[in-house]
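The structure under discussion appears below in the form of structure tokens.
The values are calculated or read from the model by the stated rules, or taken from the named source; none is laboratory data. Keep in mind it's a predicted model, so treat the numbers as computed, not measured. Glycine gets a Cβ as well: all are built from the backbone with ideal geometry, and neighbour counts include every protein chain shown. When the accessible area is computed, the model is the full protein with side chains, heavy atoms only, and any ligands, DNA or RNA have been set aside. Shrake-Rupley method; radii C 1.70, N 1.55, O 1.52, S 1.80 Å.
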Amino acid sequence: MPLPSKAFQRWLHGVAPDASTADVCRIAGIKRTTLAQQLVRGKVAESTLVSISRGFQVDPVQALATFDLYADLRGGPVPPTPCELVSQVATIDLLRAVVERSEPSPTPAAFLSEPPHPTSVRNWVDAIDDGELRHRVSEATGIAPQNFSAHLTANRLPPELAIATSRAAGVGPAGGLVAGGLITEAEAGWPPNARREALDRMTRSSLVTLAGERLLALGKTLKRQEQDHERTERIWENLG
């Protein structure tokens, strides 16, 4: 849910009281028309707030926490669980880790790409799901299960839904925001190299099993995309 424009303007005045709208947009790297349209609609996107926070050297998490919708972010950062950390390791990096374990080399381990990655949202939800998470999120937010699943398939999770999911799972509130790409690991308070350390702590069997699950899910996605493409091709052929 976007932020109320009046509350956003009060926050902005506190952050940059003497800056013009043009100055704010230039420093934040956003289009002036984008901010103007959001203000006119009365709803400012969380990504706009984060961009402005970064431009003015303000902690984006603390900036979000000033709004009641993101009150869960108030206080110190909650450490992510090992499963959350590994969920934000890209599949290609996971496969490299399997190879590194199978064929040890004196060279340093490969650098992990930063989240988000193509399946980071679904991987995060799967990592914290006890089997009933989707049901609890649906009850708490009113979102239909199929709509929640659609967000996961699209690898997009609205920030307020990410917070609600974290709350329902009993984990720190920032994990879903990292998975969704709104904030970085560092902004969420994750320790440096935390993902690499969590990956290195996995047993070889657990690592291979997780890699297999990721590949199976990727195969299903690719198959669905191929079928959609073939269906589209047939439609065009029938249209002549």
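Values computed for the structure shown
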{"read-out": "Cross-chain or 6+ apart pairs with Cβ under 8 Å, the stretch 112-140 first and under 15 Å from LEU218 (Cα atoms), then open to solvent by 80 Å² or more (accessible area, probe 1.4 Å) and β-branched (Val, Ile, Thr)", "value": "ARG122/THR153"}
{"read-out": "Single residue of the stretch 114-124 satisfying the filter (open to solvent by 50 Å² or more (accessible area, probe 1.4 Å) and not basic (Lys, Arg)) that is farthest from VAL86 (Cα to Cα)", "value": "PRO118"}
{"read-out": "Single residue of the stretch 133-168 satisfying the filter (among the polar types (S, T, N, Q) and farther than 26 Å from PRO4 by Cα) that is least open to solvent (accessible area, probe 1.4 Å)", "value": "SER149"}
{"read-out": "Test set (1) open to solvent by 40 Å² or more (accessible area, probe 1.4 Å); (2) farther than 15 Å from THR91 by Cβ - LEU218 fails condition number", "value": "(2)"}
{"read-out": "Number of the exception - VAL58 against (1) open to solvent by 10 Å² or more (accessible area, probe 1.4 Å); (2) more than 24 Å from ARG196 (Cα to Cα); (3) part of a helix (DSSP H, G or I); (4) touching a residue at least 24 places away in the same chain (Cβ under 8 Å)", "value": "(3)"}
{"read-out": "Those residues of the stretch 118-165 which are more than 22 Å from ALA65 (Cβ to Cβ) and of a type in the set (Ser, Thr, Tyr), in sequence order", "value": "THR119, SER120, SER138, SER149, THR153"}
{"read-out": "Test: residue in the stretch 67-79 that is touching a Phe, Trp or Tyr at 6+ places or on another chain (Cβ under 9 Å) and over 26 Å from ALA186 (Cα atoms)", "value": "no"}
{"read-out": "Residue tally, condition under 15 Å from THR91 (Cβ atoms) and of a type in the set (Lys, Arg), over the stretch 184-215", "value": "2"}
{"read-out": "Filter pass, ALA63 being among the small types (Gly, Ala, Ser) and under 26 Å from GLY175 (Cβ atoms)", "value": "yes"}
{"read-out": "Qualifying residue in the stretch 62-80 (condition: at pLDDT 95 or above, surrounded by 14 or more Cβ atoms within 10 Å (Cβ to Cβ), among the hydroxyl-bearing types (Ser, Thr, Tyr) and farther than 26 Å from ARG196 by Cα)", "value": "yes"}
{"read-out": "Given (1) within 18 Å of THR81 (Cβ to Cβ); (2) open to solvent by 10 Å² or more (accessible area, probe 1.4 Å); (3) hydrophobic (A, V, I, L, M, F, W, C); (4) under 13 Å from the mean Cα position of the chain (by Cα), number of the condition ALA179 does not satisfy", "value": "(2)"}
{"read-out": "Residues satisfying the stated conditions in the stretch 35-53, i.e. hydrophobic (A, V, I, L, M, F, W, C) and touching a residue at least 60 places away in the same chain (Cβ under 8 Å)", "value": "VAL50"}
